[in-house]
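The values are calculated or read from the model by the stated rules, or taken from the named source; none is laboratory data. Model, not experiment: these values are computed from the prediction. Every residue, glycine among them, receives a Cβ derived from its backbone with ideal geometry; neighbour counts consider all protein chains shown. To get the accessible areas, we keep the full protein, side chains included, count just its heavy atoms, and leave off ligands, DNA and RNA. Shrake-Rupley method; radii C 1.70, N 1.55, O 1.52, S 1.80 Å.
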Amino acid sequence: MAKLVVEILDASDLMPKDGQGSASPFVEVDFDKQPLRTQTKHKDLNPTWNEKLVFDIDNPRDLPNKTIDVIVYNDRKGGHHKNFLGRVRISGASLPSSESQATVQRYPLDKRGLFSHIKGDIALRMYPVLEASSFFVAPNENGVEPESRVGADHKANDEGEVYEKEKKKKKKEKEVRTFHSIGTGSAAPPPVFPGFGFGGNQMKEKPVAVETRSDFARAAGPSAAMHMQIPRQNPEFGLVETRPPVAARMGYRGAYKTASTYDLVEQMHYLYVTVVKARDLPVMDITGSLDPYVEVKLGNYKGTTKHLEKNQNPVWNQIFAFSKERLQSNLIEIIVKDKDIGKDDFVGRVTFELSDVPVRVPPDSPLAPQWYKLEDRRGVKTGGEVMLAVWMGTQADECYPDAWHSDAHSISHENLAYTRSKVYFSPKLYYLRVHIIEAQDLVPWEKGRVVQASVKIQLGNQVRATKPFQARSLSAGWNEEFMFVASEPFEDFIIISVEDRVGPGKDEILGRLVIPIREVPPRIEPTKLPDARWFNLHKPYFGEGENEKKKEIKFSSKIYLRLCLEAGYHVLDESTHFSSDLQPSSKLLRRPSIGVLEVGILSAQNLLPMKSKGGRTTDAYCVAKYGNKWVRTRTLLDTLAPRWNEQYTWEVHDPCTVITFGVFDNCHINGSKDDSRDQRIGKVRIRLSTLETNRIYTHYYPLLVLSPSAGLKKHGELQLALRFTCTAWVNMVAQYGIPLLPKMHYVQPIPVLQIDALRHQAMQIVAARLARAEPPLKREIVEYMLDVDYHMFSLRRSKANFYRMMSLLSGITAVCKLYNDICNWRNPVTTCLVHILFLILVCYPELILPTVFFYLFVIGVWNYRYRPRHPPHMDARLSQAEFAHPDELEEEFDTFPSTQPSDRVRMRYDRLRHVSGRVQTVVGDLATQGERAQAILSWRDPRATAIFLIFSLIWAIFIYITPFQVVAVLVGLYLLRHPRFRSKMPSVPVNFFKRLPSKSDMLL
């Protein structure tokens, strides 16, 4: 006899039910009236059972029509009293065919009723076994069968009698959430793409621990309605809500009241020492010179300024910061020393007791430095004074970003800049439109030659060229338009050259024109273009600035151009799907801000060591990007749990934008080469429209990274605090009715292919500009934050988009299934209510639209209690990243053009051909249905068209003489007729439509 094995592995995050913040859960599984249960795990909200329950399968062919009920209870008194903790109902159609194909899947626990309070999930592994001998378990050394395999099953059978008695007393619980399978047949699954993770003749994927469910892509018959749930993603990749002790959550009470302006981060106290300058320092060397520097010492921490050669009145202007958590002494020493070849000479010192150091709280003004006389080691005043300022402050101090920090004491002064926190601004970008109209008087170098003229336009590293034109009359006309990306300040030049093709790969320049960008007129109004102008083309040897020779020239070629800076567009430097700025380039066209986004970058935890040298550590920093403002936190050295606690603010002009965070490992602080690249630790995106106003979100976000070698890997967690405050409610609501992009994008749209090329150029400009800052924001960071390779082909992303489409179609299929159930009278009460509602709407048609909109309103209000409680984050399961095949990832991260061996490229090409063949078939089927619809009135089939015309005439006369309500009632009752009056054969309209001709038989 065939068997069904259900492995109960574990559960997590269960609802406490015993009144003491815990629960004693056990699991009951019911399959085909065979109830079994597991052992009880006392006082455990994250229990682990690892038990196998075995059920008999009477008819294996009927397994797809069976359901498996898995119910989790809280054991109150030895199993006689129990509380409901959640349930899962799984269809037999979703089970694998064998044990080798079975994988562990996590299912969210569902509610029993409307007012149930349920949370958590359960891990299950289920598979059928056709041979009963597969369940034989070898006895152990004592000759006793292990309880985990057989003993637990016998115990479950004994306790099943108790379950049967209770089951007779209680009614069967109703399921709340209903899912339906997609398909049209019940025998076999529809054809699927082998490249989409469904197997096939391509590469064989290795079995994994947990896999994505594909139940919704399987076919099912009309009676395959089931109560089924989708397993949620790995909890390791989910959000974790936190409650850090930030001032915004503490209600500004007590000690947190002074931190109200910096209230989304934890206060971190620092001892600040500002060494400004010194004067009248005594000479220490025999030569009469002094090379002074200052050493600030606090316990074992020691910071030094730069030494200045031969200077008795040095100026340093350097700030030191010591974390209060790591103070090792009650005394701070500021020592002035003379740099010497051997041992440095002691000049003098100033000491402070920490208890005497004043406390400065922003927004107080900075503490004024004062002059202090230097003392020797015995406390006697010596010559010279030093100007200092010492105070206790927090990370809200304006000197915090530029200070030398005690946790970076091992970093040299040259590399210290790479550890500081900074704010960057992207350059303002514009589109430059160049319209090449015509040229005249093009004189070739060889007389009598027909000029094959083309125009080449260059702006920085952007080069475009027109098509060649045969200028038989020394004049050429192109009438071609090109777009470039320009940035402020307009320091570049537009170089326009007219070239003559004299041979393959050989061009001669007929004339050249250089125009500064700042002389190009801007265009703001979409209806008004600047006038075109004639420009003189200079010979190539006049490009060197020989003004005297230019004056002697009385003849030159002419070119007719139209140039303008498009200030009404928004220059896209990131994908529109997760863009952070949608404002036009011109300030005059920008809309006012609607709110403020405050972000606290708190900390990270469980980071993986990214450096193998020096004990496997990580030097992490975080980058955030929204609009044209980029922020970079301090680099915290040698820690896998950095605590930044830095707060930043952005103005919000559009709520439908996305802020991006990235965490990186700094590789430029230990004297590394300039070409070394900072390593990616992970990225987080948050859409502002999903945030509630004035609510504080504090979560740990998983930092997920895909790599071709390791696949999906979690590199740690980033803790953020966010608050979106709306300052103009009317403007924010009005934003939802305004186009996403500025007006120019719709009045004069730019082609999609050209937009992608311009986006790439904008990325290059932004990366080059930010790389010139101090400290530089490296190119690899900018490209990672802007997703420079987002539009490259990826089989993993194709699979993700395929499943997204299947998810959308599942809703349509559910509606069709509901309609089919109503027509087939599956639930007579529901069908009768639909008949009554239909008759009411036919008699009172003015109620149709109010009923539809009221129904939408009720659905929205009903779904409010199920609204997302957390902001969105990177979904590994939706991205098809958890179980991506290594070869798919290797293909995704491959360079362009490919650098892989030819046989591997050939294999990928064959796989792509196979997938494209399936897509081609589906597209052809859709085209066939559309052509059949066109053939109704096109007389391609004269008999079919004549039949349809006669039928249309009869219906027109019938509907004209019959009231509309009568026609609607007759049609509705016919469609909703009882199954007794239905035939299993296709209807006449369907048969007529399928007989119509299409153009598929005309294809070669």
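Identify, by number, the condition in (1) part of a strand (DSSP E or B); (2) out of contact with any Cys (no Cβ under 8 Å at 6 or more places or on another chain); (3) open to solvent by less than 60 Å² (accessible area, probe 1.4 Å) that residue 442 doesn't meet.
Condition not satisfied by residue 442: (1).
Please work out if residue 433 is closer than 30 Å to residue 536 by Cβ and among the basic types (Lys, Arg).
yes
Could you list, in sequence order, all residues of the stretch 477-507 that are touching a helix residue (DSSP H, G or I) at 6+ places or on another chain (Cβ under 9 Å) and either touching a residue at least 60 places away in the same chain (Cβ under 8 Å) or not in a strand (DSSP E or B) (or both)?
483, 484, 485, 486, 487, 489, 490, 491, 492, 494
Evaluate the following for residue 454: is it of a type in the set (Ser, Thr, Tyr) and out of contact with any Lys or Arg (no Cβ under 8 Å at 6 or more places or on another chain)?
Against the criterion (of a type in the set (Ser, Thr, Tyr) and out of contact with any Lys or Arg (no Cβ under 8 Å at 6 or more places or on another chain)), residue 454 does not qualify.
Residue by residue through the stretch 572-582, note down the ones that are open to solvent by 10 Å² or more (accessible area, probe 1.4 Å) and touching a strand residue (DSSP E or B) at 6+ places or on another chain (Cβ under 6 Å).
Selection gives 578 alone.
Go over the candidates 374, 432, 327 one by one and state the one that is out of contact with any Lys or Arg (no Cβ under 7 Å at 6 or more places or on another chain) and either open to solvent by less than 40 Å² (accessible area, probe 1.4 Å) or not aliphatic (A, V, I, L, M) (or both).
On inspection, the qualifying residue turns out to be 432.
Residue 467 fails exactly one of the following numbered conditions: (1) part of a strand (DSSP E or B); (2) open to solvent by 20 Å² or more (accessible area, probe 1.4 Å); (3) at pLDDT 90 or above. What is the number of that condition?
All conditions pass for residue 467, except number (1).
For the stretch 636-667, which residues satisfy the criterion of being more than 30 Å from residue 734 (Cβ to Cβ) and in a loop (DSSP other than H, G, I, E, B)?
637, 638, 639, 640, 641, 642, 666, 667
Evaluate the following for residue 689: is it in contact (Cβ under 8 Å) with a residue 24 or more places away in the chain, assigned to a loop (DSSP other than H, G, I, E, B) and over 19 Å from residue 265 (Cα atoms)?
no
Residues being part of a loop (DSSP other than H, G, I, E, B), open to solvent by 40 Å² or more (accessible area, probe 1.4 Å) and touching a Leu at 6+ places or on another chain (Cβ under 9 Å): count how many of those fall in the stretch 340-361.
1
When only residues in the stretch 327-358 that are among the β-branched types (Val, Ile, Thr) and modelled with pLDDT of 90 or more count, which is nearest to residue 263 (Cα to Cα)?
Residue satisfying both the conditions and the ranking: 357.
All but one of (1) at pLDDT below 90; (2) within 24 Å of residue 769 (Cα to Cα) hold for residue 627, so report the exception by its number.
(1)
Condition check ((1) over 25 Å from residue 755 (Cβ atoms); (2) among the polar types (S, T, N, Q)) across all residues:
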{"residue": "454", "(1), (2)": "no, yes"}
{"residue": "465", "(1), (2)": "no, no"}
{"residue": "475", "(1), (2)": "yes, yes"}
{"residue": "478", "(1), (2)": "no, no"}
{"residue": "484", "(1), (2)": "no, no"}
{"residue": "518", "(1), (2)": "yes, no"}
{"residue": "529", "(1), (2)": "no, no"}
{"residue": "534", "(1), (2)": "yes, no"}
{"residue": "540", "(1), (2)": "yes, no"}
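Scan the stretch 246-265 for residues that are at pLDDT 65 or above and more than 26 Å from residue 872 (Cβ to Cβ) and jot them down.
Once the filter is applied, which keeps residues that are at pLDDT 65 or above and more than 26 Å from residue 872 (Cβ to Cβ), the stretch 246-265 yields 247, 250, 261, 262.
Consider the stretch 34-73. How many of its residues are farther than 22 Å from residue 96 by Cα and either assigned to a helix (DSSP H, G or I) or in contact with a helix residue (DSSP H, G or I) (Cβ under 6 Å, 6 or more places away or on another chain) (or both)?
Qualifying residue count, the stretch 34-73: 1.
Scan the stretch 814-860 for residues that are farther than 14 Å from residue 976 by Cβ and open to solvent by less than 50 Å² (accessible area, probe 1.4 Å) and jot them down.
The answer is 814, 817, 860.
Out of the residues in the stretch 522-542 that are in contact with a strand residue (DSSP E or B) (Cβ under 7 Å, 6 or more places away or on another chain) and open to solvent by less than 60 Å² (accessible area, probe 1.4 Å), state the one that is modelled with the lowest pLDDT.
540
When you scan the stretch 677-695, do you find a residue that is surrounded by fewer than 17 Cβ atoms within 10 Å (Cβ to Cβ), in the same structural domain as residue 729 (by the TED database) and among the hydrophobic types (A, V, I, L, M, F, W, C), even just one?
no
Mind counting the residues in the stretch 957-981 that are outside any helix (DSSP H, G or I), out of contact with any helix residue (DSSP H, G or I) (no Cβ under 7 Å at 6 or more places or on another chain) and touching a residue at least 60 places away in the same chain (Cβ under 8 Å)?
2
For the stretch 906-943: of the residues being open to solvent by 60 Å² or more (accessible area, probe 1.4 Å) and among the aliphatic types (A, V, I, L, M), which is farthest from the chain's Cα centre (by Cα)?
937
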